[in-house]
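The values are calculated or read from the model by the stated rules, or taken from the named source; none is laboratory data. Note that this is a predicted model, so its numbers are computed, not measured. All Cβ positions, even for glycine, are placed from backbone atoms using ideal geometry, and neighbour counts span all protein chains on display.
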């Protein structure tokens, strides 16, 4: 399973460490730097899948940093973090080459959702483990997310709905870790309202029925948080 690499440039030490630790806990490989100059140097020497830049940084601000990066790389997704929320600031950020823009303070969960959404929309998303890719083993099953098929042995095949397939794929990418309920709802259903939440509960029950042939696979409810696929 490939680990996606994120370059995080944030001059606020406490926020930088908090973001790095949170994203690492979600399975990303995060390199944290505290100046735009250092970020540009690190970026030129390594390969990353996504960048997160604070705008107000010493030596080289996030907008200037992004303009420098865009001279050689038009594909890397870039998210801005900033306390500046005026319309002209947001427009300037996008014109410099950013893909998304979040104003402080922000929700860690929302940032994670935006990262996933951007990666699914870009070519970088092809590097996401098992995301709309080739079939892969899931316990005693073979799961084909592209064709939405779950196979057990030579005889048993289950044609999954789109949402079943997306939910199982997301559970697998977070296997043995908690898949946050609201994150799954916002990613797959877009809205985390009551009716969508009940719908997701139904899909979780269906997936449990599909997977029960392999007792090593379990989808656990984590009270107040979400679900965990044990495999």
Checklist entry - Given 155, 192, which one is closer than 20 Å to residue 114 by Cβ, surrounded by fewer than 17 Cβ atoms within 10 Å (Cβ to Cβ) and modelled with pLDDT under 85? => result 192
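Got at least one residue in segment 87-96 being under 30 Å from residue 135 (Cα atoms) and either in contact with a strand residue (DSSP E or B) (Cβ under 8 Å, 6 or more places away or on another chain) or assigned to a strand (DSSP E or B) (or both)? Steps first, please.
In the first step, residues of segment 87-96 are kept if they are under 30 Å from residue 135 (Cα atoms); the result is none.
So far as segment 87-96 goes, no, none of its residues is under 30 Å from residue 135 (Cα atoms) and either in contact with a strand residue (DSSP E or B) (Cβ under 8 Å, 6 or more places away or on another chain) or assigned to a strand (DSSP E or B) (or both).
With 119, 111 as the choices, which residue is crowded, with 18+ Cβ neighbours inside 10 Å, at pLDDT below 85 and in the same structural domain as residue 22 (by TED's automatic domain parsing)? Step through it out loud before you land on a result.
Numbers: 111 fails: at pLDDT below 85.
Selected residue: 119, the only one of 119, 111 that is crowded, with 18+ Cβ neighbours inside 10 Å, at pLDDT below 85 and in the same structural domain as residue 22 (by TED's automatic domain parsing).
Tell me whether segment 54-75 contains one or more residues that are closer than 28 Å to residue 188 by Cβ, within 15 Å of the chain's Cα centre (by Cα) and in contact (Cβ under 8 Å) with a residue 12 or more places away in the chain. Outline the logic, then answer.
So in segment 54-75, the residues closer than 28 Å to residue 188 by Cβ come out as 75.
Remaining after also requiring within 15 Å of the chain's Cα centre (by Cα): none.
No, the conditions are met nowhere in segment 54-75.
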Item to check | Test: residue 220 is closer than 21 Å to residue 111 by Cβ and not assigned by TED's automatic domain parsing to the domain that holds residue 111 | outcome: no
Checklist entry - In segment 1-32, what residues are over 30 Å from residue 176 (Cβ atoms) and not in a loop (DSSP other than H, G, I, E, B)? => result 9, 13
Checklist entry - Looking at segment 130-225, what helices (runs of 4 or more DSSP H) fall wholly within it and have at least 2 residues that are under 22 Å from residue 3 (Cβ atoms)? => result 162-173, 181-184
